[in-house]
Amino acid sequence: MRNASETLELERALTGARWLTAARVIALLALAAVLVVFPQTTKVGYLLSTGVVILNYAVTATGWNFMGGFTGYISLGHAAYFGLGAYGTGILVVKAGLSPFLALALAALIVAVIAVPIGIAALRVRGASFVIVTIAFVLILLLMFQSMGSITGGSGGLSLPRPFPDLIRTDHHRTFYYIYLGLLAVMLLAWWAIDRSRFGMGLKAVREDEDKARSLGVPTTGAKLVAFILSAFFTGLGGGLYALWFGDLDPVFQFSIMMGAYMVLMSLLGGVRSLFGPLLGALVVGIAIEFFKAQYGDTQFHLVATGLLLAVVVLFMPEGVIPAVKGLFARFGPQASSIREISAADLAAERDAEEASKP
Amino acid sequence: MSLFVQSLILGILLGGLYALLASGLTLYFGVMRVVQIAHSAFLILAAYLAWFFATSTGLDALLSLVITVPLFFVVGVGLQRLLITRLKPATLTMMSVLLTFAIALIIEGMLGFVFTGVQRRIHFSYGSASVPLFGAEVPVVKLVAFALAVLALGGLWLILKRTEFGQALRATIQNKEAAQLIGINTDRVASYGFGLGLATAAVGGTALAMDATIYPSLHWHWIGPLMAIIVVGGLGSVPGAAIAAMVLGVAQSLLQIPLGTTWAQTVFYVALFVTLMVRPQGFFGGRLAQRF
């Protein structure tokens, strides 16, 4: 039996949890509304194209998080899949004459297929060695795509025709903005579904303790591989879409370590464990990057800024902004437990409150 | 035939340089379980300092080592004490990659900021001289760079084998807890080990710059081969890294004849992927490697 004060505490916790859920839903709807309405509020081409760039960051960061967030394997080389998706789409359109969106879908599938052997090799090692392999993969692709000039255009670049030739510039940006937004919505939905599934549970067990997960019967190798392929597929889709939108590819930019670093930075900053972490990170970091490039485009200053930001995130909030801010609020808000040691009853109340707060 | 001999000799010289550059990486990993992505950025930094020293004083760029080696040692100790130790032990390896990646970006950005992106080259009085060696013409700068690598690696070997500090360092690498039990201050040893690793970057960067044009983003070009070398050699094994460096350096040099320079580069990546498929812990030593 709970005594009166405990019941009161539980009720307070429940009310708090309900408020939190409501606040979350409202914030989410507001964010979605802003994202949907934004392109209607402006006719300025620069702002619209920046919007597309930011969404592109959000798509790649969320794509990265299918691997990084669930399994804790940090890939610094996801630009490889972005570049493969972009070049796959470009080559299929220019050399094979496929229609743009068919080429996009096919290229993303090809990226997924390429990710299978790479994933098998890379996932044989953990932690640092995995990171090394992912970096190496981008560097080798950069070399290859620069050398194979007859297919990829080499350093001269590869130009794609526009998929919607009749649209004027701003409408072109606006159309792609909504396509990107749709892709992002699908990806977030998929991430959310995996997060709640048994499969997702297995992946998160890998993140917490791979050996233990394995000894408990989680098929870790298969699960990691599926997450890796899924992550590569979505990142490849993002790359292909970028190729169709931007229309001009260069190996140096498509297979850039910086691109992979941005994905990691955005995801870590926002928080890899939460659904909207990478999106939040992309909004913050993406706007900062575009600002720095516009202001100090000629200097290397944006590298220093990115480096400092990454160092700060790694040193002070490796769990991301969302948990860090929550921790800050918890410190100043009412304390969860008094000085006395936490009792089993307190724990049960906490658990109940948590259960109740789940949507 | 003489082309083959020439490539072989150049490959051995190159392998020596690679061994020097990779030895630092192995040291960090051995004592701290840290993967230092910024190592090659520090190489380029040392190369720029050597260039700056040579152009502003008019002296031989090699003399800059008197300044850069101690400087890099101190910076290494500082980096380890102030930044690396702040990372949580559970995620140390992974987070160290990101932290040192950030350091690499900061160095590259600052180099571009201070020295601009213009390509630089150090001029030596013996820059265009070459000597005949077994029927091949070998540039003097390459020989000097190799000599520098041999001296640095020999010095490193002497420190590790013959000094008390080296003994403590090796003990820390082999078993940290046991080293602590017999009274070794492993934290201090680790920071000195980190400094030592960075000091090799000062020598390596200067040796590298003797024969190459330098620019701020050059470090990306080096990070792949160096990482491949330490994975093939087995993370944490100094002799493994040296052997892998020599084998891959010679292979790259020989493959340049039929394939050209760009495709010869891929030998490192092929070796990396083959190693992971066949023997993920590396070919020499490195029983630790798979877990990290």
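The values are calculated or read from the model by the stated rules, or taken from the named source; none is laboratory data. Keep in mind the model is a prediction, meaning the values are calculated, not measured. No Cβ is skipped: glycine too gets one built from the backbone with ideal geometry, and neighbour counts run over all protein chains shown. Keep in mind that these areas ignore ligands, DNA and RNA; they rest on the heavy atoms of the full protein, side chains included. Shrake-Rupley method; radii C 1.70, N 1.55, O 1.52, S 1.80 Å.
Structure above, values below:
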item: Those residues of region A:83-103 which are in contact with a helix residue (DSSP H, G or I) (Cβ under 6 Å, 6 or more places away or on another chain) and among the β-branched types (V, I, T), in sequence order; result: A:T89, A:V93
item: Answer from B:G117, B:G127 - the residue that is farther than 27 Å from A:Y296 by Cβ and at pLDDT below 80; result: B:G127
item: Which listed residue is closer than 30 Å to A:L309 by Cα and of a type in the set (K, R), from B:K142, B:K88, B:K161; result: B:K88
item: Subset of region B:53-82 (residues that are among the aliphatic types (A, V, I, L, M), free of Cβ contacts under 8 Å to residues at least 12 places away in the same chain and more than 20 Å from B:L208 (Cα to Cα)); result: B:L82
item: Residues of region B:85-106 classified as touching a Phe, Trp or Tyr at 6+ places or on another chain (Cβ under 7 Å) and aliphatic (A, V, I, L, M), total; result: 0
item: Helices (runs of 4 or more DSSP H) within region B:183-292 that include 1 or more residues within 14 Å of chain A (Cβ to nearest Cβ) and within 18 Å of the chain's Cα centre (by Cα); result: B:219-233, B:238-259, B:261-278
item: Residue check for B:A145: hydrophobic (A, V, I, L, M, F, W, C), farther than 21 Å from B:V35 by Cα and not in a helix (DSSP H, G or I); result: no
item: Within region B:1-101, helices (runs of 4 or more DSSP H) holding 3 or more residues that are within 14 Å of chain A (Cβ to nearest Cβ) and open to solvent by 50 Å² or more (accessible area, probe 1.4 Å); result: none
item: Residue count, region B:174-208 (criterion: under 30 Å from B:L13 (Cβ atoms) and crowded, with 24+ Cβ neighbours inside 10 Å); result: 15
item: Restricting region B:146-169 to residues that are over 30 Å from B:A212 (Cα atoms) and open to solvent by 70 Å² or more (accessible area, probe 1.4 Å), the residue that is farthest from the chain's Cα centre (by Cα); result: B:E164
item: Of the criteria (1) in contact with a Pro (Cβ under 9 Å, 6 or more places away or on another chain); (2) surrounded by 21 or more Cβ atoms within 10 Å (Cβ to Cβ), which one B:S130 fails; result: (2)
item: Test: residue in region A:76-98 that is within 14 Å of chain B (Cβ to nearest Cβ), within 24 Å of B:M94 (Cβ to Cβ) and not in a loop (DSSP other than H, G, I, E, B); result: yes
item: Residue identified as modelled with pLDDT under 90 and on the phi < 0 side of the Ramachandran plot among B:G24, B:G76, B:G58; result: B:G24
item: All helices (runs of 4 or more DSSP H) inside region A:108-219 with 3 or more residues being within 14 Å of chain B (Cβ to nearest Cβ) and open to solvent by 30 Å² or more (accessible area, probe 1.4 Å); result: A:127-147, A:210-215
item: Filter result for the condition that a residue is surrounded by fewer than 24 Cβ atoms within 10 Å (Cβ to Cβ), of a type in the set (A, V, I, L, M, F, W, C) and touching a residue at least 24 places away in the same chain (Cβ under 8 Å), over A:V312, A:V226; result: A:V226
item: Residues within region A:16-47 that are more than 24 Å from A:L188 (Cα to Cα), in contact (Cβ under 8 Å) with a residue 40 or more places away in the chain and part of a helix (DSSP H, G or I), tallied; result: 2
